[in-house]
Amino acid sequence: MFLVGAQVAHANLPKGPLWGFLRHTASIRQGAGPARFYVFFDPNCPYCHKLYETLQPLIQRTGLAVRWVPVGILALSSYGKAAALLEAADPAATLARMERGFRNGRGALRPARATPRVARALLYNVRLFEASGAQGVPFLVFRTPAGDVRTIEGDPPDAALARIVADITGPSRSRSQTAGP
């Protein structure tokens with residue numbers, strides 16, 4: 001059984017293994033900066049939804065690039081919604097629309113039947129999620145400026161998340177653009 005909104009736990013992982021496998025996940029990219037967060041999420045997870053909302057201003061302000069990795073594990077409709085996200089013509093817009101309509105613990109998206117390609121991609125995502133030792137969503141994976149790979153399981157407090165983002169992205173673009181001589 002998977003936990004939702006589990007206690008926040010930081011873990012140092014070896015620099016290579018997990019981070020190297022993340023680039024093969026089927027994910028939805030948001031933001032254009034060089035720093036990256038990978039967030040394993042379920043479309044029906046209220047804690048994942050809260051994290052999505054919390055990250056939006058940080059993405060805009062800092063240039064953080066987030067890769068949303070759907071795993072579809074919590075409810076009967078989760079897998080089909082994860083498939084619908086990956087099958088969409090514009091996955092980022094579909095994710096945003098789903099999150100805007102999130103109600104009663106459910107993402108606002110009609111489940112879809114996964115094509116064989118998307119079914120393999122979702123299986124890879126879930127297997128990597130399980131192999132990482134994660135037991136709940138959201139599950140964040142990021143690299144520190146020193147190159148260490150860290151994870152957070154659950155929805156971190158907003159202030160802690162903001163500190164982590166500031167640490168991995170450096171000074172925000174909005175501050176650097178307004179700073180005078």
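Read the figures in this text as sums done on the coordinates, not as results from a lab. Treat the numbers as computed from the prediction; the structure is a model and nothing was measured. Counting neighbours? That spans all protein chains shown, and the Cβs are built from the backbone with ideal geometry, glycine included.
Worth pointing out:
- As computed over segment 3-170, the Cα convex hull volume per residue (Å³): 103 Å³
- Value of Rg to Rh for segment 21-71, rounded to two decimals, is 0.96; Kirkwood radius and Rg both from alpha-carbon coordinates.
- Note on segment 95-143: Cα convex hull, mean projected area over all directions, 4.9 nm².
- Dipole magnitude of segment 101-173, debye to nearest 20 (Cβ charges: Lys/Arg +1, Asp/Glu -1, about Cα centre): 540 debye
- Those trypsin sites (Lys or Arg not before Pro) in segment 26-55 that DSSP places in a loop and that have at most 10 other beta carbons within 10 Å: none
- For segment 18-83, a simple Cβ point-charge model (Lys and Arg +1, Asp and Glu -1, everything else neutral) yields a dipole of about 180 debye relative to the Cα centre.
- Here the calculated FRET efficiency for Arg113 and Asp90, from their Cβ-Cβ distance with R0 = 22 Å, stands at 0.70, rounded to the nearest 0.05.
- Average projection, convex hull of the Cα set of segment 105-171: 6.8 square nanometres.
- Difference of contour (0.36 nm per residue) and Cα-Cα distance, Ala166 to Arg100: 21.2 nm
- Virtual spin-label span in nm between Asp158 and Thr144, 7 Å along Cα→Cβ: 2.6 nm
- Of all DSSP bridge pairs formed entirely within segment 3-170, close to 70 percent run antiparallel.
- When only the Cβ of Lys, Arg, Asp and Glu is charged (+1, +1, -1, -1), the dipole of segment 3-170 relative to its Cα centre reaches about 420 debye.
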